[in-house]
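Chemist: After the structure tokens below, expect a handful of questions from me.
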Amino acid sequence: MANKINLADKNEKPKSKLGRGLIVATIVAGFLLVIANSALWVNRALFNVDTFSTIAEKSLLSESSRNALASEIVDTALADRPMVKNVAGDTITKLISGLLGSNQAETGVKKIISRIHLAITSENPKNIEYDLTGIKSVIDKIITLIGKDESTSSVSKIPDKLVILDVSNLPKLYIYGVVFLWVAPFALICAAIILARPHIIRRRLDANILTFQGFAVVGASVMALLIGPLFRPTILARIPTSDLRIVVQDVYDAFIANFNAQTMWLFDLGLVILAVAVIVFIYNRFIIKWIESREA
């Protein structure tokens, strides 16, 4: 009788128990996946010139950004001519906004994108500025024509460059970017090992552990989606005017949207793990018993 009991103990499968160590390790794995996802995005979207330019150009050429830049230009050019601004300010702003979306303004947009990219990927970033020299004379003609005041040119009031963001007040983003490039593979490998380890030890997939891991990964992805909005107020607080704040917010939101789109793979991974947990549970609870009953 004793021998039978011992034999049964030997054949007994390891119990599925979510101990404190396993819970902590799974949560750590979730954080590591968030770090890996962020690092991969930095490498793909910020340090990749083509991807960066595509995202930034689309946001800068959006209607809201062009309107905000046009409004800032009009405010500067007509600072000493409030009557013209009150009467024709909106019309002038719309015309300049259209001009900013034309081929004539393409050089200025590309220079902004280059400066933003340097602010993130260079040790010596420069202020993010919009070069207006290529369209300055056209802007002046628009203001003069619409303002019906040809005797007083406003070109002297239009700056050659419009400073959008002074990078001297920003932290050295380049350092964080380089660190992220090295952290990504390390964090991803560590997370994979932590998640796989309990199943390898048991030599089988455990439904309870998979369920907890799935929810942990889904929770980590939700946390990652909440990261973007946290930094927006800090960055926008450094912008001097409301119009330029709109431009920076458009660019920021465009990159955060790209980050959120990538983060969905993490959310999908959590759902896949939960789906596997359901399959394993059904297999262990019903299919194995059915097979054993058939064999009996």
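Please treat every number below as a calculation from the coordinates, not as lab data. Small disclaimer: the values here were computed from a predicted structure and weren't measured. Because the Cβ atoms are built from the backbone with ideal geometry, glycine has one as well, and the counts that use them run over all protein chains shown.
Chemist: Apply the Karplus parameterisation 6.51 cos²θ - 1.76 cosθ + 1.60, with θ equal to phi minus 60°, to every residue of the stretch 127-144 and state each ³J(HN,Hα) to the nearest whole Hz, in sequence, with x for glycine and proline.
Modeler: The phi angles translate into 4, 7, 10, 9, 7, 9, 4, x, 10, 4, 5, 5, 4, 5, 5, 4, 5, 5 Hz.
Chemist: Counting other Cβ atoms within 10 Å of each Cβ, which trypsin sites (Lys or Arg not before Pro) in the stretch 222-294 have at most 14 and sit in a DSSP loop?
Modeler: ARG238
Chemist: Over 20 Å between Cα atoms: which of LYS85/LYS110; LYS111/LYS141; LYS94/LYS126; LYS94/LYS136 fall into that group?
Modeler: Where the Cα-Cα span goes over 20 Å, the pairs concerned are LYS85/LYS110; LYS111/LYS141; LYS94/LYS126.
Chemist: Quick query: amide H of GLU129 versus all other amide H atoms, modeled in the peptide plane; which residues come in under 5 Å with a sequence gap of 5 or more or a different chain?
Modeler: ILE164
Chemist: In the stretch 82-139, which trypsin sites (Lys or Arg not before Pro) are in a loop and have at most 12 other Cβ atoms within 10 Å, using DSSP for the loop call?
Modeler: When the trypsin sites (Lys or Arg not before Pro) of the stretch 82-139 are filtered for loop state and at most 12 Cβ neighbours within 10 Å, LYS126 remain.
Chemist: I need the phi-derived Karplus couplings for the stretch 76-86: 6.51 cos²θ - 1.76 cosθ + 1.60, θ = phi - 60°, integer Hz, Gly and Pro marked x.
Modeler: Those phi angles translate into 6, 5, 9, 4, 9, 10, x, 5, 4, 5, 5 Hz.
Chemist: In degrees, nearest 10, range 0 to 90: what is the angle between the Cα axis of helix 173-202 and the longest Cα principal axis of the chain?
Modeler: Tilt relative to the chain: about 20 degrees.
Chemist: Can you list the GluC sites (Glu not before Pro) in the stretch 93-149 that are in a DSSP coil and have 12 or fewer other beta carbons within 10 angstrom?
Modeler: Qualifying residues, ordered by number: GLU123.
Chemist: Using Cα pairs under 8 angstrom and six or more residues apart, how large is the relative contact order of the chain, in percent?
Modeler: 28
Chemist: If you place +1 on the Cβ of every Lys and Arg, -1 on the Cβ of every Asp and Glu, and leave all else neutral, what size is the dipole of the chain about its Cα centre, to the nearest 20 Debye?
Modeler: Roughly 1580 debye, rounded to the nearest 20.
Chemist: Can I ask one more? Can you show me the helix-derived [θ] at 222 nm for the chain, built from DSSP H runs with n ≥ 4 at -39,500 (n - 2.57) apiece and divided by the number of residues, rounded to the nearest 500.
Modeler: -24500 deg cm²/dmol
Chemist: Quote the charge dipole size of the stretch 20-82 about the Cα centre in Debye, to the nearest 20; the model charges only the Cβ of Lys and Arg (+1) and of Asp and Glu (-1).
Modeler: 420
Chemist: For the stretch 56-169, calculate the relative contact order in percent as a whole number, restricting contacts to Cα pairs under 8 Å that are 6 or more residues apart.
Modeler: 27
Chemist: I've got another one for you. What angle do you read, to the nearest 10 degrees and between 0 and 90, between the alpha-carbon axis of helix 106-121 and the longest principal axis of the chain?
Modeler: 40
Chemist: Something else now. What's the exposure ranking of SER168, SER71, going from fewest to most Cβ atoms within 10 Å?
Modeler: The order, fewest Cβ neighbours first, is SER168, SER71.
Chemist: Farthest toward the dipole's positive end in the chain, which of VAL222, THR211, ASN67, given Cβ charges of +1 (Lys, Arg) and -1 (Asp, Glu) about the Cα centre?
Modeler: THR211
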